[in-house]
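Down below is the structure, laid out as structure tokens.
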Amino acid sequence: MNLKLTPLVTRLRSLLHVRDRKVIREELSDVHVADLAEGFVRLEVEEGLQLLKEFEPDRAAELLSELPTSTARLYLAELPDFTLAHYIDILPMDDALDLREDIGEERFDALLNVIPSEDAQEIRRLLAYPEGSVGRIMTEAFFEVSADATMADVLEDIRRSPADKYEMVNDLYVLGELDRLLGVFSLRKAIRSRPDTTARELMNEEVISARATDPAEHAARELARYGYYSLPILDDMGKMVGILTGDDAQHIIREADTEDVLKLGAVVGSADAYLSLSPWQLYLRRVPWLLGLFLAETLTGLVLRHYSHEANGHPDKLSNYAQLVVFLPLIIGAGGNSGSQTTTTITRALAVGEIRPADTLQVIWRELSAAIMIGATLGIVGYVRAIFWGSEPHVCYVVGAALPLIVIWASTVGSVLPITARRVGIDPAVMSAPFISTFVDATGLIIYFELARRIVGAW
């Protein structure tokens, strides 16, 4: 049940005065855990902790895994070890690993000695994969069958299995010797086939898979690209070791896209919920880039200072300079905005796999073609504006000619830098819109003033 947030927060706070655990659980049983987590972010920690202690353990565990990392840490720090051990034990393994980040490695490792050894061993196996890899977040609870298994046997296995034995049964994986993946078929096919049909007859041998050491985001986007319910994960020897589920892939992509958006806005840090961040955390996320951009903007100041010094002491040059300065906001804005549009578009296309570094020439050609048309349009508008503002004819020519050149330059830079960053292994989002805008500001002014020098002899 999807509720409006404000009534949900009010509802949560009203339950703080209820002393009956059963009533609290019943009142919130119809609230989706994602909505519940969003409501808890808006509560004071003391309030949320009071309610959390009244939840059933599995419900509390689900809530903890949905909370932003910074908020979850505040709650987990107040919970006793035996409670956390229970949470880790009942959570899916990939969600249990998320708690490791929240409570700290040392405490998490100690809790592994409390939970059943089988679960602890599975968690340690997942921890053996590189950080950020899909192996860390996959689940080993997938449905496997032999090639000779009949659909009668498969369906009987599903009926007899405990509810928590498999993470999902939408896709059934056919394994051969040494657990090598032979093929996959859907539960729907199994249900619709004759009971004596074998897995070998139904399976699709063209299976899209990922290596356990592959980046989690890459595997998640592969899953989204092909629209599967899950993606089989293989080790380096070709053995199937787990699956990436659709909900985990969705979570990975959402976090990655949010982080890219933050980087495009020159904000560092992970994709935590806004209300879970303190003013100090917001400061730490924003000030590094702002300081860097502030220093970079000195280049713009140096360019202006250079040309103003050249005009100083020469009445004719000062007159031209004064008229040209009037149009600086227009010139800077056009270059920075066009560069930002381009880099945002290219970064997004790189992130979702629509383009690759091999497409560089095609991208440059498309952006150059668009920039010529955009620049020509802005040049005409800028020329007309300069006339209406009563500028000298030569100044109007400079404005009309500079705008297309600056837009073309900004679009070229905005398209090349993200692709170059990806080619050398840097996150393209680092080439954020503020960075492009700052760079284009200074270089665009050089184009503007040098064009003025050549057209009208302004210096």
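A compact table of results
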{"quantity": "Qualifying positions in region 141-154 - in contact with a Ser or Thr (Cβ under 8 Å, 6 or more places away or on another chain), without any contact (Cβ under 8 Å) to a residue 60 or more places away in the chain and not small (G, A, S)", "calculated": "D148, T150, M151"}
{"quantity": "Filter result (within 32 Å of the chain's Cα centre (by Cα) and assigned to a helix (DSSP H, G or I)) within region 154-191", "calculated": "L187"}
{"quantity": "Filter pass, A402 being open to solvent by less than 20 Å² (accessible area, probe 1.4 Å), in contact with a Ser or Thr (Cβ under 6 Å, 6 or more places away or on another chain) and under 26 Å from L451 (Cα atoms)", "calculated": "no"}
{"quantity": "Residue in region 2-16 that is in contact (Cβ under 8 Å) with a residue 40 or more places away in the chain, out of contact with any Ser or Thr (no Cβ under 6 Å at 6 or more places or on another chain) and not hydroxyl-bearing (S, T, Y) present", "calculated": "no"}
{"quantity": "When residues of region 223-247 are limited to those that are touching a Phe, Trp or Tyr at 6+ places or on another chain (Cβ under 9 Å) and part of a helix (DSSP H, G or I), the one least open to solvent (accessible area, probe 1.4 Å)", "calculated": "L223"}
{"quantity": "Residue within region 435-442 that is in a helix (DSSP H, G or I), open to solvent by 20 Å² or more (accessible area, probe 1.4 Å), modelled with pLDDT of 90 or more and closer than 28 Å to V326 by Cα present", "calculated": "no"}
{"quantity": "Residue tally, condition among the aliphatic types (A, V, I, L, M), part of a loop (DSSP other than H, G, I, E, B) and in contact (Cβ under 8 Å) with a residue 60 or more places away in the chain, over region 127-140", "calculated": "2"}
{"quantity": "Residue that is open to solvent by less than 30 Å² (accessible area, probe 1.4 Å), outside any helix (DSSP H, G or I) and modelled with pLDDT under 85, where the choices are A256, A266", "calculated": "A266"}
{"quantity": "Of all residues in region 367-396 being open to solvent by less than 50 Å² (accessible area, probe 1.4 Å) and touching a Leu at 6+ places or on another chain (Cβ under 8 Å), the one that is modelled with the lowest pLDDT", "calculated": "V395"}
{"quantity": "Any helices (runs of 4 or more DSSP H) falling wholly within region 1-108 and containing at least 1 residues that are open to solvent by 50 Å² or more (accessible area, probe 1.4 Å) and either within 27 Å of A212 (Cβ to Cβ) or modelled with pLDDT of 80 or more (or both)", "calculated": "5-15, 21-27, 33-41, 45-52, 57-66, 81-90, 93-103"}
{"quantity": "Flag if I115 is assigned to a loop (DSSP other than H, G, I, E, B) and either in contact (Cβ under 8 Å) with a residue 24 or more places away in the chain or buried (at least 18 other Cβ atoms within 10 Å of the Cβ) (or both)", "calculated": "yes"}
{"quantity": "Filter result for E131 (farther than 16 Å from M240 by Cβ and either touching a Pro at 6+ places or on another chain (Cβ under 6 Å) or modelled with pLDDT of 90 or more (or both))", "calculated": "no"}
{"quantity": "Hits in region 192-218 - residues which are over 23 Å from V154 (Cα atoms), of a type in the set (D, E) and not in a helix (DSSP H, G or I)", "calculated": "D214"}
{"quantity": "Selection count, region 347-366, where residues are open to solvent by less than 40 Å² (accessible area, probe 1.4 Å) and either of a type in the set (S, T, N, Q) or closer than 24 Å to L445 by Cβ (or both)", "calculated": "2"}
{"quantity": "Residue ID - surrounded by the fewest Cβ atoms within 10 Å (Cβ to Cβ), chosen from residues in region 140-152 that are touching a helix residue (DSSP H, G or I) at 6+ places or on another chain (Cβ under 9 Å) and over 9 Å from Y166 (Cα atoms)", "calculated": "D148"}
{"quantity": "Checklist (1) free of Cβ contacts under 8 Å to residues at least 24 places away in the same chain; (2) more than 26 Å from G48 (Cα to Cα) applied to F108, failing item", "calculated": "(2)"}
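The values are calculated or read from the model by the stated rules, or taken from the named source; none is laboratory data. Fair warning: this is a prediction, and the values are worked out from it, not measured in the lab. Don't worry about glycine lacking a Cβ; one is built from the backbone with ideal geometry, like all the others, and counts go over all protein chains shown. Protein only, heavy atoms only, side chains kept; ligands, DNA and RNA dropped before computing areas. Shrake-Rupley method; radii C 1.70, N 1.55, O 1.52, S 1.80 Å.
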